[in-house]
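The values are calculated or read from the model by the stated rules, or taken from the named source; none is laboratory data. Fair warning: this is a prediction, and the values are worked out from it, not measured in the lab. Cβ: placed from backbone, ideal geometry, glycine included. Neighbour counts: every protein chain shown. The accessibility values were calculated without ligands, DNA or RNA, using every heavy atom of the protein model including side chains. Shrake-Rupley method; radii C 1.70, N 1.55, O 1.52, S 1.80 Å.
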Amino acid sequence: MSYPILPLSFYDLTARFHTQLSKRDQLYISGYLGRDVIRLKMDEDRFKSKWGNTLLTTRWNHVYKKGLAGNLLLIYSKYELEAEASREGVYSSYAGSSIEDRGLGYEVLHTWGNHTIRTGIRSTHHQFMPRTRHDQVTIGQNAFHLQEKQELEAYENNLFVEDEWKLHERLSFNIGLRGSMWTSKQGNYQSIEPRMSAKWSFADDWALKGSYSRMNQYMHLVSEVAGIGLPTDVWVPSSQFAPPQQSNQWALGIHRDIVPLGLGLSVEGYYKDMNNIVACRPGTSLLSGNWEEGITTGQGKSYGAELLLQRKKGKFSGWASYTLSWTKYQFDELNSGKEFFAKQDARHVITLTGFYKPSPRVRLSAVWTLTSATPFYVPRTQYLIKPHQSVGETIPVGTTHAVNAMNMYGSANGNNTLEGLMVSDAGALDSFRGEANHRLDIGIQMIKPKKRGERIWELGVYNAYGAGNPLMFYGKQDGVERSLYKVQWFAIPSVTYVRKF
């Protein structure tokens with residue numbers, strides 16, 4: 001059975017400003033503000049989730065002399081997530097998470113012979129609020145109130161150098177090195193990140209490309225390792241419980257330009273290993289408890305290949321791509337220590353993108369995407385262990401005590417409730433896959449030149465033919481029976497206005 005999402009809203013605002021201060025100086029300012037809101041009613045339960053991003057970037061470009069220029073950067077960004085859930089007369093809760101960044105940096109670009117060297121330094125202050133919560137649960141005459149709030153901060157400093165070296169007209173390299181330092185009360189860390197890429201044009205219309213890069217990430221985006229619900233991702237800093245994540249990625253590809261047809265064809269394969277990846281233990285919520293106790297670390301790997309056919313010329317342009325990939329995780333504390341497919345494991349992805357310009361003032365676009373089913377964590381059986389209950393003695397899911405406990409806190413793998421300890425048995429974390437989803441997004445741009453710049457109106461439809469793609473799955477208890485329900489997307493119209501000066 002499916003429940004459609006009707007009350008849904010979102011908006012995005014983007015602004016850019018550019019001015020020439022002098023012959024050697026230019027100023028660029030850009031900003032972005034976006035918010036998404038979903039309201040959902042499931043029988044007696046009501047849920048609301050909203051999240052959004054704010055971004056402001058200022059760049060001052062100064063040309064010292066020919067071949068030598070510098071950029072001063074000021075960056076501000078903020079991500080916020082809020083979630084509310086309630087059932088009249090039973091419970092009401094609010095939870096939120098945010099991360100706010102303020103950064104300052106300076107970069108220098110120097111062209112020297114066959115070398116283009118870019119170097120710079122950047123410092124960022126991160127402020128985290130991994131959880132805030134206000135809870136009120138009422139059962140009979142008993143009322144319980146919780147209020148928790150935590151703020152964390154950290155400083156990240158980076159120094160990098162990169163050299164684009166054209167050794168020969170058919171052979172070029174990009175070699176870079178980045179050093180970083182992370183400082184916070186939770187721990188201090190340093191890292192060195194080398195990267196390299198090469199391109200060899202061994203014929204007029206053939207090219208071979210290869211690359212290697214190492215990356216360290218000090219901020220962890222933690223979510224359910226195979227979750228089935230709405231977005232509740234939380235940013236947390238590196239600590240002794242969650243060391244910096246590290247990855248090594250190799251890629252090798254070949255490209256051919258089919259000049260007479262105006263086409264480009266490329267095939268690329270990649271392999272990526274990951275260490276210290278962070279996940280939320282099934283049955284725990286980072287928004288309702290100590291986040292350090294709710295996470296675990298492990299390792300992973302991702303590999304696959306992409307085929308891309310692209311057309312860039314003419315009134316009709318676009319591309320078609322097919323990706324075949326695998327993503328696997330392994331955590332000592334999850335899935336009995338066995339390797340499993342992660343929720344990012346979408347085996348097949350097909351994308352068809354087309355643009356058509358019947359005239360300089362009209363542009364049509366269409367994007368069709370097909371993504372194969374991804375794995376989810378779905379409890380198969382549940383039971384409640386009461387405080388006075390001996391080991392091995394279980395209470396069926398359909399009992400009154402079990403239903404009351406799940407109504408208050410939901411099913412969980414080891415959740416403490418007023419009635420005791422709710423335990424789930426789900427088998428392997430990747431034993432259930434959702435549904436393949438597909439959709440068509442269409443749009444039309446109407447462009448009108450003005451005395452200064454131009455005006456653009458764009459009308460679009462997301463999921464134009466209303467495919468019932470799943471947004472989330474959730475379980476529902478009916479006596480001793482427990483069913484899985486799907487909440488799905490439908491067509492979403494959008495309007496965009498752009499004014500260029």
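In region 417-424, is there at least one residue being open to solvent by 30 Å² or more (accessible area, probe 1.4 Å) and either of a type in the set (D, E, K, R) or at pLDDT 80 or above (or both)?
Going through region 417-424, the residues open to solvent by 30 Å² or more (accessible area, probe 1.4 Å) turn out to be 418-419, 421.
Still in the running and either of a type in the set (D, E, K, R) or at pLDDT 80 or above (or both): 419.
Yes, region 417-424 has at least one match.
Residue-by-condition table, conditions (1) crowded, with 16+ Cβ neighbours inside 10 Å; (2) touching a helix residue (DSSP H, G or I) at 6+ places or on another chain (Cβ under 9 Å); (3) at pLDDT below 95:
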site	(1), (2), (3)
F128	yes, no, yes
T132	yes, no, yes
Q141	no, no, yes
F144	no, no, yes
K149	no, no, yes
T183	no, no, yes
L208	no, no, no
*Residue check, Q240 against (1) at pLDDT below 85; (2) under 30 Å from E84 (Cβ atoms), all met but one. Which one?*
(2)
*Given the residues Y32, Y79, Y28, which is the only one that is under 28 Å from P470 (Cβ atoms) and surrounded by 15 or more Cβ atoms within 10 Å (Cβ to Cβ)?*
Y79
*Is one or more of the residues making up region 79-89 closer than 28 Å to S483 by Cβ and assigned to a loop (DSSP other than H, G, I, E, B)?*
yes
_Residue in region 43-62 that is over 25 Å from I99 (Cα atoms), open to solvent by 40 Å² or more (accessible area, probe 1.4 Å), assigned to a strand (DSSP E or B) and at pLDDT 95 or above present_ = yes
*Among residues of region 77-107, those that are within 20 Å of Y155 (Cβ to Cβ) and out of contact with any His (no Cβ under 7 Å at 6 or more places or on another chain), counted*: 10
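Among the candidates L81, L73, single out the residue that is modelled with pLDDT under 90 and within 24 Å of T124 (Cα to Cα).
L81
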*Considering each of S22, S30 in turn, give the residue that is outside any strand (DSSP E or B) and farther than 15 Å from Y11 by Cα.*
S22
_Restricting to region 78-94, give me the number of residues that are more than 14 Å from R46 (Cα to Cα) and among the hydrophobic types (A, V, I, L, M, F, W, C)._
1
*asked:* Checking the condition farther than 30 Å from K48 by Cβ and either over 22 Å from the mean Cα position of the chain (by Cα) or open to solvent by less than 50 Å² (accessible area, probe 1.4 Å) (or both), which residue from Y218, Y270 passes?
replied: Y218
*Hey, E88 hits all of (1) within 30 Å of W112 (Cα to Cα); (2) open to solvent by 60 Å² or more (accessible area, probe 1.4 Å) but one; which does it fall short on?*
(1)
*State the number of residues belonging to region 315-362 that are open to solvent by 60 Å² or more (accessible area, probe 1.4 Å), more than 25 Å from the chain's Cα centre (by Cα) and closer than 30 Å to R455 by Cβ.*
6
*asked:* Where the second residue is among the basic types (K, R) and part of a strand (DSSP E or B) and the first is within 13 Å of N71 (Cβ to Cβ) and in contact (Cβ under 8 Å) with a residue 12 or more places away in the chain and lies in region 18-34, which pairs have Cβ atoms under 7 Å and are six or more apart or on separate chains?
replied: Y28/R59
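Of the residues R35, R16, R24, R118, which is in contact with a Phe, Trp or Tyr (Cβ under 7 Å, 6 or more places away or on another chain), basic (K, R) and at pLDDT 85 or above? Walk me through how you get there before you give the answer.
On the way: R16 fails: in contact with a Phe, Trp or Tyr (Cβ under 7 Å, 6 or more places away or on another chain); R24 fails: in contact with a Phe, Trp or Tyr (Cβ under 7 Å, 6 or more places away or on another chain); R118 fails: in contact with a Phe, Trp or Tyr (Cβ under 7 Å, 6 or more places away or on another chain).
Just a single option satisfies the conditions, and that option is R35.
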